[in-house]
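Step one of this worksheet: look at the structure below.
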Amino acid sequence: MSSRRSDGWPGRDRGLYLVGHYALFRALTGSWLAAALGALSALAVRDALGGEYWGFGGLRDVLPRAIASGLTPLLLLAFLRLRGQPFFAVYFILVGLVANLHPVSGLHLAQISALTHLWLGRFRLPAWRDQLIGRIGSVSVARGRAAGGS
């Protein structure tokens, strides 16, 4: 019983969840303390509608949706960093890869990201072009899973 992980939490998944939230909060706030407190508070499990939950609840979270949830802060950070760059479509390709892991999470993240990009771009033509190219890349990467491929 000398193991520090006797609580059943897998170390890699918890680390992914913490690092992802810390990186996002640090980029948004610029403060390591606020980022650390935000990342720690993200570990608290909160019940949501429909029997769902948000947070990292230990061994029960070794599911594709929980891993996708752990990757979401890093993807949002990539969205913030890549927006306005010539290779912004890479973000949507990463979202397509997440859709291979958990299709519902990937689809929702792609839709929310596309609408956010259009909104921030004030629905101008370059924003439409960027999100269209990105969505094509996202669908191309995720297509194998959605079509029942392996």
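The values are calculated or read from the model by the stated rules, or taken from the named source; none is laboratory data. What you see is a predicted model; the values in this text were computed from it and never measured. A quick note on method: Cβ atoms are made from the backbone with ideal geometry, for glycine too, and the neighbour counts reach across all protein chains shown.
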Item to complete: Quick one: in region 78-119, of everything that is small (G, A, S) and touching a Ser or Thr at 6+ places or on another chain (Cβ under 6 Å), which residue is surrounded by the most Cβ atoms within 10 Å (Cβ to Cβ)?
Response: G96
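With the condition kept exactly as written, say whether any residue in region 6-20 is farther than 24 Å from H117 by Cβ, of a type in the set (S, T, N, Q) and either modelled with pLDDT under 80 or touching an Asp or Glu at 6+ places or on another chain (Cβ under 7 Å) (or both).
yes
For (1) assigned to a helix (DSSP H, G or I); (2) among the aromatic types (F, W, Y), each residue gets a yes or a no:
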| residue | (1), (2) |
| --- | --- |
| P86 | no, no |
| A99 | yes, no |
| W128 | yes, yes |
| S140 | yes, no |
